[in-house]
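Shown next, in structure tokens, is the structure this report addresses.
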Amino acid sequence: MNGRKHLLKPLAQCRSLLQRFKATRSLTSTKLLHARIIVSGLLSTSGSTAPVLSNLALTYALCGHVPHAAALFDELPVRSPSLCNALIRMYNLCGRHYEALYVFVRMLASGWCPPDYFTYTFVCKACSDLSLLDVGFAVHGKVFAAGFDADTFVQNALLALYMNCGAMGAARKVFDEMHERTVVSWNTMISGYFKNSYSGEAVMLFKLMMSAGVEPDSATVVSVLPACGNLKELDLGKCVHNIVEEKGLGNKNIAVSNALLDMYAKCGRMDEAQAVFHEMDKRDVVTWSAMINGYALNGDVGKALNNCRLMQFDGVKPNPVTISSLLSACSSSFLLKLGRCFHGWSMRQKLESDVTIETALIDMYAKCKRVDVSFHVLARALQKKTAPWNAVLSGCVHNGLAKEAIQAFKQMLIKEIEPNLATVNSLLPAYAILADLQQAMNIHGYVARSGLVRNVEIITGLIDIYAKCGRLESAHRLFNDIPRNEKDIVVWSVIVAGYGMHGHGEAAVLLFKEMVHSGVNPNEVTFTSVLHACSHAGLVEEGLDLFNFMLHNNPVKPHFDHYTCMVDLLGRAGRLQEAYGLIRTMPFKPNHAVWGALLGACVIHENVELGEIAAKWLFELEPENTGNYVLLAKIYSALGRWKDAEDIRHMMKKIGLRKAPAHSLV
DNA sequence: ATAGGGTTAG
């Protein structure tokens, strides 16, 4: 009795020491303590060795030293559920999830060491990190059988598991059946929906949570803010900002401020982002990256660069995300030289073999029309990752290199790199460019076999391909198969454009009206599609009606494209004066496309006066475009004004343009 | 002891 009392103190001391080593991750200290425990004979004499041992093993695990940890557990004479749980937890912590599952299986097999609700939360975490949905379902079955299905922790772990595996339906079912939802349950659902690119659902759940009277915490805030940014829900974002201020969540949690800053940046409010930035007393890489990315998104490369400099003055080193943001700023502004500089910088930072950076580099070179360099970067990429390949595919398509994209995709399959949704999404436009029915049917077959056909984006891509191939029946069949509530603005635009492109203006207008009727609000793209359809089919009155509808009853502001369509529509119909009138009342300076449409119409209707006006503007706006000179000369020739036609040819020679082939002048 | 959280990306 005496000896035992004497030993209790060192044991308590061990525990507090281990607690400290766990926090500091000090392997050397842990090893020393381990040695002292053995030398002191503490383990052989004490009755409560198991907690010390499991603690020691956990500490080893946290220090990243699994061999010692695993060996310790093997030495243990008796394995209680709590020890096994600690082992599973340890394997989870160091990323060896399969070993974690193996311990679980052994627990089940042993018969005398039944898993408890702690075990199940850890096991769910293991499946979640491994994205093993099948195993997850099996585990869920065991949860039911063991009667742990009403435990909130287990339920929350299941929610996270299903969300991580993309099984939103399964997650929702668990969530709906929970009798007690903690703030963690709500947070898991919100962030889960966002991660599965269902920002709308995420926002909706947040609103539900608020009306249910659940107190949001910092995790809630950082889960819902990215969704607000994604949807450009500035008002909701501001509400969340108010909550943060009221509860003082941003004061000690840098993630909260970073999320706020990013939300404002995504909503295009760099002033507000700057204000959040200003208020922060500490800034890390994420803060700076979010700022840089914000300016990049809003097209202000100068400010992005400036923030990059300030970041370095602040002593913060860039990470792959920082550099990718800078590279994407270069891609969207076609700054090849600057992009090359960042390529060099990534090399000096020893980050050039990071997948994120490789992908950003491939994207940057492709957008700057250097697909050759993109392929070069891809060739040097060692990892068998999908993302860089996707970037190459979309880079090819972006440059109209359909055959190269398809070739690259075949290479991908040969190299056994697994295609994903983004792969197919990047690839399908290549088939739309080719407009080859046989090949289209081949890829349709592939997509069907890959099981991706359930995705609306993919179906939209297929509809576009069939439409471009002229197979409107096939396109329409695919369109009809999409459930009514899943038909989004993009798929409507594609089908309208498909009919329009082949001269079926009436069908296009009808579909457009059906879309509006079904409650989908047209955007600038849909208006372009339908106006284009009208101009192709010569539906002047319908076109004018729709254009007026757009001007007066719709929040969508008309753009160059819409005016171009209208000028084209009126012009083709011979209503040249009206077309010219429209150009003169445009709310912005007419561009080359608008004048080009008028000039084209003047050629058809042999109208010199307006043709000359249009041409005069075009010579100024795009002096090196030979086509404009040719078209004006064509009008002169048609009217027998050979001298004027000859003058135009002289004019071209004077500004040093290559002489157009003679036949096009007549 | 247990579950959820910030910047990029095809």
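Between A:LEU336, A:LEU310, A:LEU351, A:LEU378, which is surrounded by 20 or more Cβ atoms within 10 Å (Cβ to Cβ) and either at pLDDT below 95 or more than 8 Å from DNA strand B (Cβ to nearest atom) (or both)? Can you show your working first?
Numbers: A:LEU336 fails: surrounded by 20 or more Cβ atoms within 10 Å (Cβ to Cβ); A:LEU310 fails: surrounded by 20 or more Cβ atoms within 10 Å (Cβ to Cβ); A:LEU351 fails: surrounded by 20 or more Cβ atoms within 10 Å (Cβ to Cβ).
Of the residues listed, the single one that is surrounded by 20 or more Cβ atoms within 10 Å (Cβ to Cβ) and either at pLDDT below 95 or more than 8 Å from DNA strand B (Cβ to nearest atom) (or both) is A:LEU378.
Could you please find all residues in the stretch A:73-122 being in a helix (DSSP H, G or I) and more than 39 Å from the chain's Cα centre (by Cα)?
Start the filter on the stretch A:73-122 by keeping residues that are in a helix (DSSP H, G or I), which leaves A:73-75, A:81-93, A:97-110, A:117-122.
Matches in the stretch A:73-122: A:PHE73, A:ASP74, A:GLU75, A:PRO81, A:SER82, A:LEU83, A:CYS84, A:ARG106, A:MET107, A:LEU108, A:ALA109, A:SER110.
Looking at (1) among the small types (Gly, Ala, Ser); (2) farther than 29 Å from A:VAL456 by Cβ; (3) open to solvent by less than 20 Å² (accessible area, probe 1.4 Å), can you tell me which one A:ALA265 breaks?
The one condition A:ALA265 does not meet is (2).
Which pairs turn up if I take residues in the stretch A:312-332 that are under 18 Å from A:GLY302 (Cα atoms) and look for partners that are of a type in the set (Gly, Ala, Ser) and more than 11 Å from DNA strand B (Cβ to nearest atom) with beta carbon separation below 8 Å, at least 6 apart in sequence or on another chain?
If the second residue must be of a type in the set (Gly, Ala, Ser) and more than 11 Å from DNA strand B (Cβ to nearest atom), the pairs left are A:ILE323/A:SER346; A:SER325/A:ALA304; A:LEU326/A:ALA304; A:LEU327/A:GLY339; A:ALA329/A:ALA304; A:CYS330/A:GLY339; A:SER331/A:GLY339; A:SER332/A:GLY299.
What tally of residues in the stretch A:409-426 results from selecting those that are more than 19 Å from A:VAL355 (Cβ to Cβ) and either surrounded by fewer than 20 Cβ atoms within 10 Å (Cβ to Cβ) or among the small types (Gly, Ala, Ser) (or both)?
Counting residues in the stretch A:409-426 that are more than 19 Å from A:VAL355 (Cβ to Cβ) and either surrounded by fewer than 20 Cβ atoms within 10 Å (Cβ to Cβ) or among the small types (Gly, Ala, Ser) (or both) gives 3.
Residue by residue, here is whether (1) open to solvent by less than 10 Å² (accessible area, probe 1.4 Å); (2) over 25 Å from A:CYS239 (Cβ atoms); (3) without any contact (Cβ under 8 Å) to a residue 24 or more places away in the chain; (4) not hydroxyl-bearing (Ser, Thr, Tyr) holds:
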{"site": "A:CYS165", "(1), (2), (3), (4)": "no, yes, no, yes"}
{"site": "A:GLY169", "(1), (2), (3), (4)": "no, yes, yes, yes"}
{"site": "A:GLU177", "(1), (2), (3), (4)": "no, yes, yes, yes"}
{"site": "A:THR182", "(1), (2), (3), (4)": "no, no, no, no"}
{"site": "A:LYS195", "(1), (2), (3), (4)": "no, no, no, yes"}
{"site": "A:MET210", "(1), (2), (3), (4)": "no, no, yes, yes"}
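Could you give me the residue pairs with C-beta distances under 9 Å whose first residue belongs to the stretch A:244-255 and is polar (S, T, N, Q), whose second residue is away from DNA strand B (no atom under 12 Å from the Cβ) and open to solvent by 80 Å² or more (accessible area, probe 1.4 Å) wherever it lies, and which are 6+ apart or on separate chains?
From residues that are polar (S, T, N, Q), the pairs are A:ASN251/A:ASP281.
Just to check your reading of the model, which residue among A:ASN548, A:ASN554, A:ASN625 is within 26 Å of A:GLY498 (Cα to Cα) and open to solvent by 50 Å² or more (accessible area, probe 1.4 Å)?
On the way: A:ASN554 fails: open to solvent by 50 Å² or more (accessible area, probe 1.4 Å); A:ASN625 fails: within 26 Å of A:GLY498 (Cα to Cα).
Only one candidate passes the filter, namely A:ASN548.
Of the residues in the stretch A:176-192, how many are under 19 Å from the mean Cα position of the chain (by Cα) and at pLDDT below 95?
0
Can you tell me which residues in the stretch A:385-408 are open to solvent by 40 Å² or more (accessible area, probe 1.4 Å), part of a helix (DSSP H, G or I), near DNA strand B (Cβ under 8 Å from one of its atoms) and not hydroxyl-bearing (Ser, Thr, Tyr)?
Result: A:ALA387, single match.
Out of curiosity, is A:ALA360 modelled with pLDDT of 90 or more and either surrounded by 20 or more Cβ atoms within 10 Å (Cβ to Cβ) or under 30 Å from A:VAL316 (Cα atoms) (or both)?
Details: modelled with pLDDT of 90 or more: yes; either surrounded by 20 or more Cβ atoms within 10 Å (Cβ to Cβ) or under 30 Å from A:VAL316 (Cα atoms) (or both): yes.
Considered against the rule, which asks whether it is modelled with pLDDT of 90 or more and either surrounded by 20 or more Cβ atoms within 10 Å (Cβ to Cβ) or under 30 Å from A:VAL316 (Cα atoms) (or both), A:ALA360 comes out as yes.
Does A:LEU260 qualify as being open to solvent by less than 30 Å² (accessible area, probe 1.4 Å), among the aliphatic types (A, V, I, L, M) and within 21 Å of the chain's Cα centre (by Cα)?
Values: open to solvent by less than 30 Å² (accessible area, probe 1.4 Å): yes; among the aliphatic types (A, V, I, L, M): yes; within 21 Å of the chain's Cα centre (by Cα): yes.
Answer is yes for this residue.
Looking at (1) under 24 Å from A:LEU236 (Cα atoms); (2) open to solvent by 10 Å² or more (accessible area, probe 1.4 Å), which is the one condition that is false for A:PHE148?
Against the list (1) under 24 Å from A:LEU236 (Cα atoms); (2) open to solvent by 10 Å² or more (accessible area, probe 1.4 Å), A:PHE148 comes up short only on (1).
From (1) open to solvent by 10 Å² or more (accessible area, probe 1.4 Å); (2) modelled with pLDDT of 90 or more; (3) in contact with an Asp or Glu (Cβ under 8 Å, 6 or more places away or on another chain), pick out the condition that doesn't hold for A:GLY498.
Looking at each condition in turn, A:GLY498 falls short on (1).
Tell me, which residue of the stretch A:341-383 that is assigned to a loop (DSSP other than H, G, I, E, B) and free of Cβ contacts under 8 Å to residues at least 24 places away in the same chain is farthest from the chain's Cα centre (by Cα)? So that I can check it myself, show each step before the final result.
Applying the first criterion (assigned to a loop (DSSP other than H, G, I, E, B)) to the stretch A:341-383 yields A:349-354, A:368-370, A:381-383.
When the remaining residues are screened for being free of Cβ contacts under 8 Å to residues at least 24 places away in the same chain, the result is A:350, A:352.
Working: A:LYS350: 26, A:GLU352: 22 Å.
Here the answer is A:LYS350.
Would you check which residues across the stretch A:570-599 are under 15 Å from A:GLU620 (Cβ atoms) and touching a residue at least 24 places away in the same chain (Cβ under 8 Å) and list them?
At the first step, the residues of the stretch A:570-599 found to be under 15 Å from A:GLU620 (Cβ atoms) are A:583, A:589-596, A:598-599.
Result: A:PRO590, A:ASN591, A:HIS592, A:ALA593, A:VAL594, A:TRP595, A:GLY596, A:LEU598, A:LEU599.
Give me the residue from the stretch A:560-603 that is farther than 22 Å from A:ASN625 by Cβ and among the polar types (S, T, N, Q) and, out of that set, most open to solvent (accessible area, probe 1.4 Å).
Filtering the stretch A:560-603 for residues that are farther than 22 Å from A:ASN625 by Cβ and among the polar types (S, T, N, Q), the one most open to solvent (accessible area, probe 1.4 Å) comes out as A:GLN577.
The values are calculated or read from the model by the stated rules, or taken from the named source; none is laboratory data. None of these values were measured; they are calculated from a predicted model. Virtual Cβ from ideal backbone geometry, glycine too; neighbours counted across all protein chains shown. Note: areas computed on protein heavy atoms with side chains; ligands, DNA, RNA excluded. Shrake-Rupley method; radii C 1.70, N 1.55, O 1.52, S 1.80 Å.
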